[in-house]
1. Taking the Cα centre of the chain as origin, sum charge times position over the Cβ atoms of Lys and Arg (+1) and Asp and Glu (-1), and report the length of that vector in debye to the nearest 20.
2. Put one equal scatterer on each alpha carbon of the chain, apply the Debye formula with no solvent term, and list log10 I(q)/I(0) at q = 0.13, 0.15, 0.16 1/Å to two decimals.
3. Net charge near ILE95, counting Lys/Arg +1 and Asp/Glu -1 over other residues with Cβ under 9 Å of its Cβ?
4. Which of the residue pairs LYS44/LYS284; LYS121/LYS284; LYS221/LYS270; LYS127/LYS184 have a Cα-Cα distance greater than 21 Å in the structure shown?
5. Angle check, please: helix 215-225 long axis (alpha carbons) against the longest principal axis of the chain (alpha carbons), in degrees 0 to 90, nearest 10.
6. Sort the stretch 98-174 into rounded, prolate or oblate with this rule: let a ≥ b ≥ c be the square roots of the eigenvalues of the Cα gyration tensor; rounded if a/c is under 1.5, and if a/c is not under 1.5, prolate when a/b is larger than b/c, oblate otherwise.
7. I'd like the distance separating the alpha-carbon centroids of the stretch 101-134 and the stretch 247-274, in whole Å.
8. If you stretched the chain out fully between GLU166 and ILE136, how much longer would it get, using 0.36 nm times the residue separation minus the C-alpha to C-alpha distance?
Amino acid sequence: MSNFEATKNIVYLEPVNSFSEMAMDEFCTMHNLNCFTNALTTVKQIVDYVSQNPDTLGVLPVENTLDGTIRESLDCLITCKNPNIRIVSELILPIEYCLLSKTTEFYSITGLIATPRLIGKCQNFIKNELPMNLNIIESPTMLDSAYNLSNYNLTYASVGNKKIAETCMLNVLKENIHDDKDNKTRYVLIGDIETKPTGKDKTTVAFRTNDTPGALLQILKIFLENNINLSYISSQPSKTEPNEYIFIVNFDGHINGTNMLKAINEIKPKTSFFRYLGSYKAAK
């Protein structure tokens, strides 16, 4: 697949009406995608499906401000059997929860339906802005909470996101009711697409160094000598051998830049494993 226009399908992590689906909606808007969508159960299923279907893109969460790097996403991408599958776009999505209800009257709320996890995430709002004698009913998912409102009168509300409010035709009584206001997740779009430089790009690579003293330092020196700014570097166990690590590096610029290609060609011989994971426009 040479460009976004050839996309016929896009897959994301279930459940429906999740933040992953919201990220998918944003990617579709960003790249003017109008295609079939499907929610899959696991990250590996998404990567495998995209790998086997060249007209398909996939949405993966890769990093959260509270929980850090989502290793499963990067592991599956690094070990993907199709080397043409790479990151082609990224965005940062605020993880925001709202108070939803069939009524428009916030001060009439006497009951709350929510998952135990979200009740914990919205403790300050529940304690300070809802009635002391609030009737709390636990529900397994955000979507179930919204559906369950039909079993109660108009004085009940649920905790969910704006996607659920739209799907279930509920009113948003209060936005940003969660305690941690800085919770954001970085999502990437993966597929077999050759991206073009935009002037505001970043590139991601993964590699394992040779087992020699100063191997990592030698590689980092190559980035410095080619005037390439590293914006992120992390390591994680290779999962193949004990005491072996895969380094994941983000750096400014597109792979097609002259200094980029020169640096990559110098780095590869100094590694025992190297994987180009994509060049794409950096999210704001």
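Laboratory data are not the source of any read-out in this text; all were calculated from the coordinates shown. As the structure is a prediction and not an experimental result, all values here were calculated from the model. Here Cβ is always computed from backbone atoms with ideal geometry, including for glycine, and neighbour counts include all displayed protein chains.
1. 500
2. -0.91, -1.09, -1.17
3. On the way: positive: LYS184; negative: GLU96, ASP180.
Here the charged neighbours net out to -1.
4. The answer is LYS44/LYS284; LYS121/LYS284; LYS127/LYS184.
5. 90
6. Rounded is the answer for the stretch 98-174, as its axis ratio a/c remains below 1.5.
7. What the calculation gives is 51 Å, centre to centre.
8. Working: separation 30, 0.36 × 30 = 10.80 nm, distance 2.32 nm.
Answer, rounded to one decimal: 8.5 nm.
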